[in-house]
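The values are calculated or read from the model by the stated rules, or taken from the named source; none is laboratory data. Here the structure is a predicted model, which means the values were calculated and not measured. In this analysis, Cβ positions are derived from the backbone assuming ideal geometry, glycine residues included, and neighbour counts consider all displayed protein chains. Quick note on the areas: whole protein, heavy atoms, side chains included, nothing else; ligands and nucleic acids left out. Shrake-Rupley method; radii C 1.70, N 1.55, O 1.52, S 1.80 Å.
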There are 2 protein chains.
Amino acid sequence: MLKRSFESCRLPKDVRSVNSTSSTRDRILGTAEKMFAQRGFDGASLRQLTSAAGVNLAAVNYHFGSKEKLVEEVFRRRLDALNANRLAALHKLAGGEATLEQVLAAYIRPALELSHDGSGALFMRVLARAFAEHDDSLRRFLSENYGHVMRQFTSEFARLLPHLGKSELYWRIDLVTGALTHAMSGFGMIQRKGDVTEQEHLEQTVQHLIRFAAAGLSHP
Amino acid sequence: MLKRSFESCRLPKDVRSVNSTSSTRDRILGTAEKMFAQRGFDGASLRQLTSAAGVNLAAVNYHFGSKEKLVEEVFRRRLDALNANRLAALHKLAGGEATLEQVLAAYIRPALELSHDGSGALFMRVLARAFAEHDDSLRRFLSENYGHVMRQFTSEFARLLPHLGKSELYWRIDLVTGALTHAMSGFGMIQRKGDVTEQEHLEQTVQHLIRFAAAGLSHP
DNA sequence: GTCTATAGTCAGATAGAC
DNA sequence: GTCTATCTGACTATAGAC
């Protein structure tokens, strides 16, 4: 079993130097994301991974130090962008006037947009896998690095749903997260039909999610 | 990586004979469930597993044939019971008079009751992992063996929610499944407090889930 | 049915040439 | 930075004694 720690802090900026053009590094990251989504963290071996990426086996240890660190980097790359986009979308909304649907869209839509970027869609599956792994160090990693995003959204929800107690609100947000993860990672039974594109399908998913979540959050 | 197939049909009744009292077999199944929940299917090795169960390494292959078959058996044992209970609960409701909450309870509560049985709670995590694995053969296995249960519940939901189109209804049920899986497997951020028992916590989860799902399903 | 012992494969990591 | 070659350890599965 692969034990992950997620304990290291962010790498200093200059590690990925100005123009090292290490396409090797990026190829590894991209391929790792794809293979982790398909086969899991334990299931995808470095040998399969480097072979698929067309790089040498030793390159992973050279660039990342270990398989474990590679996994962390796969997460960091996407989550930094995803959560920055969520915050930006939230802050763009007019302070005290945003509706519940708008706030939900600020939370959910960046996940959709991530899926527009080539292999980005696969990352949602990686994330869902990570949730299922139920790893404490992952929980800590998410909480330490991206907890402030959740907190800002939560306080917006609290403002929009003043009739809910704190505990009640947390429960509901948690259930929304479950529905979101499930839907965006595409494990549901709803399969994309042949006549809709991947993007249309995701757009529909977002629309359904927002209305479903709004109803689940705001009921009396 | 462990490739699972789920293609075999149910074993003939007499395989687990009237009183073979093979406690070895049961110990393996129970321990496997626990370790698959904790470490994943690939992460839990037969060596760790048999060692923890206090049985010999070779016993797994003797009783189940392979690790893959052991995984299938872990699923079958719980899902047979879980889905039978769901159907029984549904059929106990008065035909045309059941409310949405009652039907939802018939679906959700057996999952809670499974958790009462010692290691049964762990099975929900195994199931969540399996969902995240996104394996086609698992999808087929679930659909072939337990699809009729989903179909009966779906037709009840359709009766109770006549204003929804078929596609709309499927989307919403899918989102409910996501919330259910997420909540029952306990990966959410809501952690059980020290002063409530595991059972009270699960009971609260079920109550929140039912109301949340009812609101999400029935909104206009 | 249960054990030991081992075959055969594959994993992650690293040393050292270039 | 990238390579080959190799170390060390773990895995599943099975053969064969009891």
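On C-alpha positions alone, give me the angle between the axis of helix A:166-184 and the longest principal axis of chain A, in degrees, nearest 10. Roughly 50 degrees, rounded to the nearest 10.
Over the residues of chain A, the helix contribution to mean residue ellipticity at 222 nm works out to -23500 deg cm²/dmol, using -39500 (n - 2.57) for each DSSP H run of at least 4.
Based on alpha-carbon positions alone, could you give the equivalent ellipsoid semi-axes of segment B:23-82 from the gyration tensor, as √(5λ), descending, whole Å? Don't skip to the answer; put the middle values down first.
On the way: eigenvalues 53, 34, 22 Å².
Listed largest to smallest, the semi-axes of segment B:23-82 are 16, 13, 10 Å.
Relative to the longest principal axis of chain A, what angle (0 to 90°, nearest 10) does the C-alpha long axis of helix A:23-39 take? Orientation of helix A:23-39: about 60 degrees from the principal axis. About its Cα centre, chain B has a charge dipole of approximately 420 debye under the convention of +1 per Lys or Arg Cβ and -1 per Asp or Glu Cβ, with nothing else charged. Classification of segment B:103-220 by its C-alpha gyration tensor yields an oblate form. The axis ratio a/c (a ≥ b ≥ c) is 1.5 or more, and b/c is at least a/b. Between the residues A:75, A:110, A:197, the greatest Cα displacement towards the positive end of the dipole of segment A:63-220, with unit charges on the Cβ of Lys, Arg, Asp and Glu, is found for A:75.
Taken about its Cα centre, segment B:40-94 carries a charge dipole of roughly 200 debye when the Cβ of each Lys and Arg holds +1 and the Cβ of each Asp and Glu holds -1.
Keeping all protein chains in place, calculate the accessible area per residue for segment A:20-65 (probe 1.4 angstrom), answer in Å².
Values: 2050 Å² over 46 residues.
Value for segment A:20-65: 45 Å² per residue.
Solvent-accessible area lost on pairing B with A (1.4 Å probe, both sides summed) amounts to about 4200 Å². What fraction of the Cα pairs in the protein assembly as shown, stated in percent, has a spacing above 41 angstrom? Tail of the P(r) past 41 Å holds 18 percent of the pairs. More than 30 angstrom separation, counting every C-alpha pair in chain A; what % is that? Cα-Cα pairs in chain A separated by more than 30 Å: 29 percent.
Quick one: dipole size for segment A:93-154, taken about the Cα centre, charges +1 on Lys/Arg Cβ and -1 on Asp/Glu Cβ, in debye to the nearest 20. Provide the component values of the computation, followed by the final result.
Values: 6 positive and 8 negative charges, 21 e Å.
My answer is approximately 100 debye.
Does segment A:105-152 come out rounded, prolate or oblate, given a ≥ b ≥ c as the square roots of the eigenvalues of its C-alpha gyration tensor, rounded meaning a/c under 1.5 and, failing that, prolate meaning a/b above b/c? Cα axes put segment A:105-152 in the oblate bin.
Helix A:136-160 and the longest principal axis of the Cα set of chain A meet at an angle near 20°. Pairs with C-alpha atoms separated by more than 23 Å, drawn from the list A:67/B:193; A:69/B:69; A:34/A:67, are A:67/B:193; A:69/B:69. Burial here means at least 20 square angstrom less accessible surface with every protein chain in place than with the chain by itself, probed at 1.4 Å; in segment A:123-168 the buried residues are A:125, A:129, A:131, A:132, A:133, A:134, A:139, A:168. Taking the Cα centroid of segment A:130-151 and of segment B:31-91, what is the distance between the two, rounded to the nearest whole Å? After rounding, the separation between the Cα centres reads 28 Å.
The apolar share of the surface of the protein assembly as shown, taken as the fraction of accessible area on carbon and sulfur atoms (1.4 Å probe, ligands and nucleic acids excluded), comes to 53 percent. For residue B:122, the shell of other residues with beta-carbons less than 13 Å away shows a net charge of +3, using +1 for Lys and Arg and -1 for Asp and Glu.
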